[in-house]
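*Asks:* Got a structure for you, written out below as structure tokens; questions coming shortly.
The values are calculated or read from the model by the stated rules, or taken from the named source; none is laboratory data. Note that the structure is a prediction, hence the values are computed from the model and not measured. Note that we place each Cβ from the backbone using ideal geometry, even for glycine, and neighbour counts take in every protein chain shown. Just the protein is used for accessible areas: all its heavy atoms, side chains included, with ligands, DNA and RNA removed. Shrake-Rupley method; radii C 1.70, N 1.55, O 1.52, S 1.80 Å.
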Amino acid sequence: MLLKLASLPSGRVAKWVVLAFWVVLLVPAVMLAGKLSDVEENDNSAWLPGNAESTAVVERADKFGLADTAPAIVIYNRPGGVTDADMAKAKADADAFKGIKNVVGQPQGPLKSQDGKAIQTVVQVHKDKTGWTGLGKTVDAMTDVGKKNADGLHFYVTGPAGQASDSIKAFGGGGSLTTITALVVVAILLFTYRSPWLPLVSIMTVGGALSTSEAVIYLLAKHTGLVVNSQTSFTLTVLVFGAATDYALLLISRYREELRRHEDRHEAMAQALHRSSPAIIASAATVAVSLMLLMLATLNSTQGLGPACAIGVIVGLLAMVTLMPALLVICGRWVFWPSKPTYGSTGSTKEGVWTRVGNAVSGRPRIVWVGTALALGAMCLGMFGLKADGLSSKDQFTNKPQMAVGQEIKDAHFPAGSGDPIYVVTKTASAQRVSTALADVQGVAKVSPPIVKGSDAILLGELKDNPTGDAAMHTVKRARTAVHRIEGADAQVGGNAAIILDTQNAASRDDKVIIPIVLVVVFLILALLLRAIVAPLLLMGTVVLSFGAALGVSSLVFNHVFGFAGEEASFPLLAFVFLVALGIDYNIFLVTRVREITPLRGTKPAALMGLSATGSVITSAGVVLAGTFAAMGTLPLVFTAELGFTVAFGVLLDTLIVRSVLVTALTLDVGRLMWWPSKLFRQQEPPQSEAPQHEHETALHGA
């Protein structure tokens, strides 16, 4: 029955039906995929914790016209000292800013710094429904005004609006990221297959999967309220390219083996699908379910990322078990040119590198796995240097855009908190009491008079410290304690400093809730797949150890090589989900092959045969996935560089060390106890000498 189902995409007639179905599907999918950016939500609501106090302030501040505004802090700088002409230009610019679309209210300033070397003007910019995109256009227009006839006066736009503008430019590299990712995959596949045609078929299939998943996500975002943003888009691209190509590698490897055993390529593909589908489906299910668990997050950006990326993985799976088989069978054996697998051939008889690795490990497996585990444990120690409490606005970029330069000049010449206050929304009757309490809070420089709209009032508190620093976070905590004590005031504290604090708190909560659930769910999937308990426990232990090692090494690299200031609050959770879900893939590919061979040869010989049979394809898959995530480093953002490096390093660690050395050594040492309490554990293992050679070949090649 399973073989009949597996043969459907590669049937003599069905292959053309499958191809026609995908062609018809891709026509509207490509059109809809191009609209995905239209439904991206890059304003605060797309990133904030849904139930946080700062989120409530955004909603309550709507009536004051502040909910959808961001301050653009305009900085002029002349190291030799600003002149009267400079002040006149800044005043003329402020008047000109008022005529720019989305600039609201009266600009504050221009104000000369006490040392006379800089000028500051604060402009409120309305965030229209386009979010970051609208802010970016407004900031660009302000920059055109400010730099015109500057005569050596340096001009920068910083603050939240400036940061949003530079962020959208950085995220705008999504198109180039797709191109770079595709080129990375093609280069690796060319080296792997040494064929110009197999990479082409793979990229065509992956491209179809990406467009289809983007179309599905667009429809869900437009009609069901699924929140997607720029982070979702570039992560989806990398994940679909990496995961789907991995599935293609596993399928093509099996197909190549079966072509040597079957004269009819349709039968060969049916067998290849039958043998490889359980591992591919289990792998995709593990990744998709793990990603769906991100919906439990309170951080909106993390919550929306999960289902979108899960859709990408599922669509990638469907493409690889339907469209890819159809294309390969339609093309015939020549698609492997110049090294076509002929019927009856045996492939390379040379002892492979993974056979030699297995032989080396088998000598003293206990010493090998204990030593490897200790080495990985030592690498985990670097996690103590992790600083995942958020990044200041100027530290979020790997380069130095204008907002970062402007922020440094602002910090050098003006009070750190000027231009980016905290907001306190309260009942009008309590406004004066709240104002008095806020003014007494340590870290608050001054409080503006309350703005009243009906029954509510809003106050702005200027901070003494940088709004994105730790000191400002403590000030927000003190401010909330002070105003919450006022009976009947219904006072809430928001603003950028409060948003950062609430984001940190939400990320900490998400780590504690989601990570244990992901571990339990992945364990259950493995237990169902392997019908055992011991093997899943050991595999989970190796993956968690690998994650810790990757995070520890990454922390050291970020601190001492790249010189990054820290990590975003959501970084540990996303790195965990990607590394555990994707890292377990390679264990699934290996151990399902070992389990397949065990009834014929016994657990220990099967461990070596499984490593030998899957070593090259898993290594290629790991290199592809690492390459796609490493491509994230081409975006000039610290978050993408850190996530890309950590996942790429962790995947290579899983592929080259954990799967090949640690898991193999554990399997050799534990023996058939791996399969407890399944039937395979209770079954008497055949002596190796009694297994005929043809059974060895059958097991190794997956018949």
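*Asks:* In the chain, what % of DSSP beta bridges are antiparallel (nearest 5)?
*Replies:* 95 percent
*Asks:* Something else about it: Check cross-link reach from Lys604 to the lysines: straight Cα distance under 25 Å, and skip same-chain residues fewer than eight apart.
*Replies:* Lys350, Lys679
*Asks:* If you line up the long axis of helix 496-530 against the longest principal axis of the chain, both from Cα atoms, how many degrees apart are they, to the nearest 10?
*Replies:* It is inclined by approximately 10 degrees.
*Asks:* Follow-up. Once R0 is set to 51 Å, what does the formula 1/(1 + (r/R0)^6) return for the Cβ-Cβ distance between Phe384 and Asp144, expressed as a FRET efficiency to the nearest 0.05?
*Replies:* Approximately 0.60, to the nearest 0.05.
*Asks:* Right, here's the next one. Can you pull the accessible area of Met269 for me, 1.4 Å probe, Å² to the nearest 10?
*Replies:* 0 Å²
*Asks:* Got a sec? Charge dipole of the chain, +1 on Cβ for Lys and Arg, -1 for Asp and Glu; which of Ala631, Ala14, Thr232 is way out at the positive end?
*Replies:* Highest projection toward the positive end goes to Ala14.
*Asks:* Would you please state the base-10 log of I(q)/I(0) at q = 0.09, 0.11, 0.13, 0.21 1/Å for segment 94-244, with intensities from the Debye formula using one equal scatterer on every alpha carbon?
*Replies:* Ignoring solvent entirely, the Cα scatterers give -0.49, -0.64, -0.76, -1.26.
*Asks:* Further question on the same structure: Extending each Cα 7 Å along its Cβ direction at Asp38 and Asp115, get the distance between those two points in nm, one decimal.
*Replies:* It is 5.0 nm.
*Asks:* Can you run phi through the Karplus equation (6.51, -1.76, 1.60; θ = phi - 60°) for segment 142-147 and list ³J(HN,Hα) in whole Hz, with x for Gly and Pro?
*Replies:* 5, 5, 4, 5, x, 8
*Asks:* Additional query: With charges set only on the Cβ (+1 for Lys and Arg, -1 for Asp and Glu), what does the dipole of segment 139-230 come to about its Cα centre, in debye to the nearest 20?
*Replies:* Once rounded to the nearest 20, the dipole reads 220 debye.
*Asks:* Mind grabbing the base-10 log of I(q)/I(0) for segment 416-568 at q = 0.15, 0.16 Å⁻¹? Debye formula, identical points on the C-alpha positions, no solvent, two decimal places.
*Replies:* One equal scatterer on each Cα of segment 416-568 leads to -0.82, -0.87.
*Asks:* In whole Å, what are the extents of segment 557-599 along the principal axes defined by its C-alpha atoms, from largest to smallest?
*Replies:* Here the Cα extents, ordered largest to smallest, are 53, 21, 8 Å.
*Asks:* At a Förster distance of 35 Å, what's the computed FRET efficiency of Arg12 paired with Leu190, Cβ-Cβ distance as r, to 0.05?
*Replies:* 0.70
*Asks:* Could you order the peptides 509-515, 72-78, 643-649, 243-249 from most to least packed, using the average number of other C-beta atoms within 10 Å per residue?
*Replies:* Highest mean packing first, the order is 243-249, 72-78, 643-649, 509-515.
*Asks:* Quick one: grab the alpha carbon gyration tensor of segment 8-120, order the square roots of its eigenvalues as a ≥ b ≥ c, and give me rounded if a/c is under 1.5, else prolate or oblate depending on whether a/b is larger than b/c.
*Replies:* Since a/c reaches 1.5 and a/b is larger than b/c, the shape of segment 8-120 is classed as prolate.
*Asks:* Return the distance in nm (one decimal) between the two label points of a simple spin-label model at Lys400 and Ala471, each offset 7 Å from Cα along Cα→Cβ.
*Replies:* So the two model labels end up 2.3 nm from each other.
*Asks:* Could you report the accessible area of Trp197 in Å², rounded to 10, computed with a 1.4 Å probe on the protein chains as they sit in the structure?
*Replies:* Surface open to solvent at Trp197 totals about 100 Å².
*Asks:* Which lysines does Lys222 reach when only Cα atoms under 16 Å apart count, and residues fewer than 8 places away in its own chain are ignored?
*Replies:* Answer for Lys222, where 16 Å is the Cα cut-off: Lys35, Lys129, listed by chain and number.
*Asks:* How large is the Rg to Rh ratio of the chain when both quantities use alpha carbon positions and Rh follows Kirkwood?
*Replies:* Reported Rg/Rh, Kirkwood definition of Rh: 1.05.
*Asks:* Mind computing the radius of gyration and Dmax over the alpha-carbon atoms of segment 556-664? Å is fine for both.
*Replies:* 16.5, 55
*Asks:* Taking every pair of distinct Cα atoms and averaging 1/r, then inverting, what Kirkwood hydrodynamic radius in Å comes out for segment 595-644?
*Replies:* 13.1 Å
*Asks:* Would you mind working out the accessible area per residue for the chain, using a 1.4 Å probe, and quoting it in Å²?
*Replies:* With the other protein chains kept in place, the chain gives 39 Å² per residue.
*Asks:* Same structure, new question: Using only Cα atoms, find the angle between the long axis of helix 14-33 and the longest principal axis of the chain, and express it within 0 to 90 degrees, rounded to the nearest 10.
*Replies:* That helix lies at roughly 10 degrees to the long axis.
*Asks:* Spin-label point model (7 Å from Cα, Cβ direction): what's the Asp95 to Ala56 distance in nm?
*Replies:* Taking the two extended label points, one gets 4.5 nm.
*Asks:* Helix-only mean residue ellipticity at 222 nm, the chain, DSSP H runs n ≥ 4 weighted -39,500 (n - 2.57), per residue, nearest 500. What is it?
*Replies:* -20500 deg cm²/dmol
*Asks:* So what's the gap between the Cα centers of segment 80-103 and segment 476-516, to the nearest angstrom?
*Replies:* Cα centres, segment 80-103 to segment 476-516: 37 Å.
*Asks:* Still on this structure, I have one more. How large is the convex hull of the C-alpha atoms of segment 300-426 per residue, in Å³?
*Replies:* It comes to 330 Å³ per residue, whole-number rounded.
*Asks:* Tell me whether segment 346-408 comes out rounded, prolate or oblate; compute the Cα gyration tensor, take square roots of the eigenvalues as a ≥ b ≥ c, and use a/c under 1.5 as the rounded threshold.
*Replies:* Cα axes put segment 346-408 in the oblate bin.
*Asks:* Shifting gears a bit: Calculate the length of the line joining the C-alpha centroid of segment 424-453 to that of segment 223-264, in whole Å.
*Replies:* Each part's Cα centre sits 55 Å from the other's.
*Asks:* On to the next question. Provide the per-residue ³J(HN,Hα) series for segment 388-403, in order, calculated from phi with Karplus coefficients 6.51, -1.76, 1.60 and θ = phi - 60°, each as a whole number of Hz, with x at glycine and proline positions.
*Replies:* 8, 10, x, 10, 5, 4, 6, 9, 8, 10, 7, 9, 10, x, 4, 5
*Asks:* Pop the C-beta distance of Asp264 and Leu219 into the FRET formula with R0 = 51 Å and round what comes out to the nearest 0.05.
*Replies:* So the FRET efficiency works out to roughly 0.80.
*Asks:* Keeping the other protein chains in place, figure out the carbon and sulfur percent of the accessible area of segment 401-501, with a 1.4 Å probe.
*Replies:* Carbon plus sulfur share of accessible area: 53 percent.
*Asks:* With +1 on the Cβ of every Lys and Arg and -1 on the Cβ of every Asp and Glu, and nothing else charged, how large is the dipole of the chain about its Cα centre, in debye rounded to the nearest 20?
*Replies:* Around 1340 debye, computed over the chain.
*Asks:* So which trypsin sites (Lys or Arg not before Pro) in segment 269-365 end up in coil per DSSP with only 14 or fewer other C-beta atoms within 10 Å?
*Replies:* Listed in order of number, the matching sites are Lys350.
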